[in-house]
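Visitor: I have a structure I would like to understand better, so I am pasting it below and will then ask my questions one at a time.
The values are calculated or read from the model by the stated rules, or taken from the named source; none is laboratory data. Just so it is clear, the structure is predicted and the values come from calculations on it, not from any experiment. Neighbour counts run over all protein chains shown; Cβ positions are idealised from the backbone, glycine included. Keep in mind that these areas ignore ligands, DNA and RNA; they rest on the heavy atoms of the full protein, side chains included. Shrake-Rupley method; radii C 1.70, N 1.55, O 1.52, S 1.80 Å.
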Amino acid sequence: MSRAAFASALVVFAVVAPSGAAARAGVAQPLAVLLRDFAGRPTPLYEARRLSERAGRPVFLKREDLNHTGSHKLNNALGQALLAKRMGKPRAIAETGAGQHGVAAATACALLGLECVVFMGEEDIRRQQPNVQRMHLLGARVEPVTAGKRTLKEASSAAIRDWVANVETTHYIIGSAVGPAPYPAIVRELQRTLGDEARAQLLDRTGRLPSRVIACVGGGSNSIGIFAAFIDDPDVELIGVEAAGEGIETGRHGAPLTVGGRAGVLHGSMSAVLADEDGQILEAHSVSAGLDYPGSGPEHAYLRDSGRARYVAVTDEQALDTFVAVAALEGIIPALESSHAIAWALENAGGDMDLICLSGRGDKDLAEVLALRAIG
Amino acid sequence: MNIAGEERIAAAFAGSGKRAALMPYLMGGFPDLEGSLRIGAAAAAAGADMIELGIPFSDPLADGPVIHAAATRALAAGATVERVLEVAAALAAQIPVIVMTYANIVIARGVDVFLDRLAQAGVSGLIVPDLPFEEGAQTAEAAAAAGIALVPLIAPTTTAERLELIGARARGFLYVVSVTGTTGERSQSGGDAVRALLERAHSATAVPVALGFGISTPDQAAAAADAGADGVIVGSRLVRAAGEESDGAAAVGGLVAELAAALA
């Protein structure tokens, strides 16, 4: 897939938006202040000693679970909310799967005085109630989406339709490194903060770079953020971990990059997409709402096809086991999404130092995990 | 260069005998395959000049709830690309057919393969609302080789710079989206803003200019012709009738006749 293939956008979106780097530059100073004083950045880099013992090599966790609102999503939401202010748009919309991006967008909008509407599939509203309540408290309206399987794909479509109709007044704070150009670049630039921090922290702490950088991939925003800082370090292996759901062989998964196949167009960009022979988009399946998406960020497809990064998948079972294990071993309850990345690292030897993006905290997943696992 | 599709569309505009050519949008395979063929034939008999036939897509971003729901139901009822193109072929024997579908359907088996299949089915034109100008060169070449007119869209938000580029590449006609938003019935027409948009469109292209999105009533169709549209596209109102009425073909035929009378 060529770089040109990144730039697919609905004709009806004749919106002039800044490019990724220009977007970050335009709001760089106020964003830096908010990231430090409001979000609490930089987040720590933590050497997880008991996970390291189990893995047989040092495992460092980039603690995005300690970012304000409990995930990396706020880095992007703050930047885009500042862009909305700069463009003079009083209203912001967002899509959300797990609710982490919805909470981050609602938070940024509360902070900056923007009206906020979050589109969320009914199925995700059911499995992520605490985040729905948080969004309400933050003053956002949560718009239930009832189409299709009622998860992230449909929520994204609903947000895009709202945006097309209200583009004069509304900025769409897209939550992942997906969507029409220049969104994938904007989100990468806003999320590379976490990668740049982790690289500097690790060099400062150990004097070296990691053998492997490992991150989960739904749309792929935390992963592109951490990969971006290491793309020019050829000896660092980049590994994206998708959701194998009930198992790749069952067809019930969310791993378009892992399974390969023909490129597809979904939500305005060309990338790896789960689709049938006619081009109809297939439903994804994952216990983790944030990875339950049939598409993927176009830059990930490019990194895969160029050989710079590789993509693998972890099942619901493996992720659930790891969620429980990490809580008991390290005193950290990881998001189910991040549990996929940790699970892969623990089960696959290689190199002599891992850097894993712990993209968010797992409090939101407690009810779901407790329903599936007997604990205590 | 094969201009078979362009010529057939140009003849339909020139020979409509109306103030503006009438182009009903119908969903292929909705409410089922046989039904969509009957409904298309009824529209042709009632005074349509061309038919825009949708190939259903699972995630139709440019469409509002009525057409989205019709696509979902058509797919559930067994519509595939091949079966909808069989409907298109049967209709194309009676009236020019312009297929409307999304980029992922066009690229799934390969752009050239898809365009050749449209040509075999006798289809005259293709509309792909999520194909941006910058990504459209390959599809435009394949369409030109196959004799299919690739019809681009512009919206009220389209800049003057993009309008020039899009207008120059337009074949068959230029599809002017009357509102910022998705397809669906609306109670009001755009008035002066639509008139100005149509003037901009005419000045940017050599092909006819058709107005769509939000047009559902005979009055709105007449207003579109008054505002300078060479063609009027009516979709959601007809798709709704096709799904709601016990005799969808009769219901759609009746509505098309009313629209045709308003454009007489």
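Visitor: With respect to A:A309, is the statement that it is modelled with pLDDT of 95 or more, at negative phi, within 14 Å of chain B (Cβ to nearest Cβ) and open to solvent by less than 10 Å² (accessible area, probe 1.4 Å) true?
Guide: It is false that A:A309 is modelled with pLDDT of 95 or more, at negative phi, within 14 Å of chain B (Cβ to nearest Cβ) and open to solvent by less than 10 Å² (accessible area, probe 1.4 Å).
Visitor: Additional query: Filter the strands (runs of 3 or more DSSP E) completely within region A:207-268 down to those with at least 3 residues that are within 16 Å of the chain's Cα centre (by Cα). Can you show your working first?
Guide: Working: elements: A:212-216, A:237-245, A:263-266.
Fully inside region A:207-268 and qualifying: A:212-216, A:237-245.
Visitor: Next question, about the same structure. Quick test for you: out of B:I215, B:I233, pick the one residue that is assigned to a loop (DSSP other than H, G, I, E, B), touching a residue at least 12 places away in the same chain (Cβ under 8 Å) and open to solvent by less than 20 Å² (accessible area, probe 1.4 Å).
Guide: Numbers: B:I233 fails: assigned to a loop (DSSP other than H, G, I, E, B).
Residue meeting the stated conditions: B:I215.
Visitor: Given the conditions (1) open to solvent by 30 Å² or more (accessible area, probe 1.4 Å); (2) away from chain B (no Cβ under 14 Å); (3) on the phi < 0 side of the Ramachandran plot, which single one is not true for A:D292?
Guide: Of the numbered conditions (1) open to solvent by 30 Å² or more (accessible area, probe 1.4 Å); (2) away from chain B (no Cβ under 14 Å); (3) on the phi < 0 side of the Ramachandran plot, the odd one out for A:D292 is (1).
Visitor: Right, here's the next one. Filter region B:38-48 down to residues that are closer than 17 Å to B:G78 by Cβ and under 16 Å from the mean Cα position of the chain (by Cα), then give me how many there are.
Guide: 1
Visitor: If only one of A:R150, A:R188 is without any contact (Cβ under 8 Å) to a residue 60 or more places away in the chain and open to solvent by 10 Å² or more (accessible area, probe 1.4 Å), which one is it?
Guide: The match here is A:R150.
Visitor: Same structure, new question: Tell me whether region A:199-220 contains one or more residues that are in contact with a Phe, Trp or Tyr (Cβ under 9 Å, 6 or more places away or on another chain) and within 14 Å of another protein chain (Cβ to nearest Cβ).
Guide: There is no residue in region A:199-220 that is in contact with a Phe, Trp or Tyr (Cβ under 9 Å, 6 or more places away or on another chain) and within 14 Å of another protein chain (Cβ to nearest Cβ).
Visitor: Using the structure shown, decide if B:V252 is among the hydrophobic types (A, V, I, L, M, F, W, C), in contact with a strand residue (DSSP E or B) (Cβ under 8 Å, 6 or more places away or on another chain), within 18 Å of B:G54 (Cα to Cα) and in a helix (DSSP H, G or I).
Guide: Numbers: among the hydrophobic types (A, V, I, L, M, F, W, C): yes; in contact with a strand residue (DSSP E or B) (Cβ under 8 Å, 6 or more places away or on another chain): yes; within 18 Å of B:G54 (Cα to Cα): yes; in a helix (DSSP H, G or I): yes.
For B:V252, the condition - among the hydrophobic types (A, V, I, L, M, F, W, C), in contact with a strand residue (DSSP E or B) (Cβ under 8 Å, 6 or more places away or on another chain), within 18 Å of B:G54 (Cα to Cα) and in a helix (DSSP H, G or I) - is met.
Visitor: Count, please, the residues in region B:169-217 that happen to be among the basic types (K, R) and farther than 21 Å from B:I9 by Cβ.
Guide: 3
Visitor: Separate question: If a residue counts only when it is among the β-branched types (V, I, T) and touching a strand residue (DSSP E or B) at 6+ places or on another chain (Cβ under 7 Å), which strands (runs of 3 or more DSSP E) contained entirely in region B:55-169 have at least 2 such residues?
Guide: B:97-100
Visitor: Looking at region A:224-277 only, could you name the residues that are more than 14 Å from chain B (Cβ to nearest Cβ), free of Cβ contacts under 8 Å to residues at least 40 places away in the same chain and open to solvent by less than 20 Å² (accessible area, probe 1.4 Å)?
Guide: A:A229, A:F230, A:V236
Visitor: So which residues in region B:60-79 are free of Cβ contacts under 8 Å to residues at least 60 places away in the same chain and touching a helix residue (DSSP H, G or I) at 6+ places or on another chain (Cβ under 6 Å)?
Guide: B:P60
Visitor: Conditions: (1) within 18 Å of the chain's Cα centre (by Cα); (2) open to solvent by 20 Å² or more (accessible area, probe 1.4 Å); (3) within 12 Å of chain A (Cβ to nearest Cβ). B:A10 meets all but one. Number of the miss?
Guide: The failed condition is (3).
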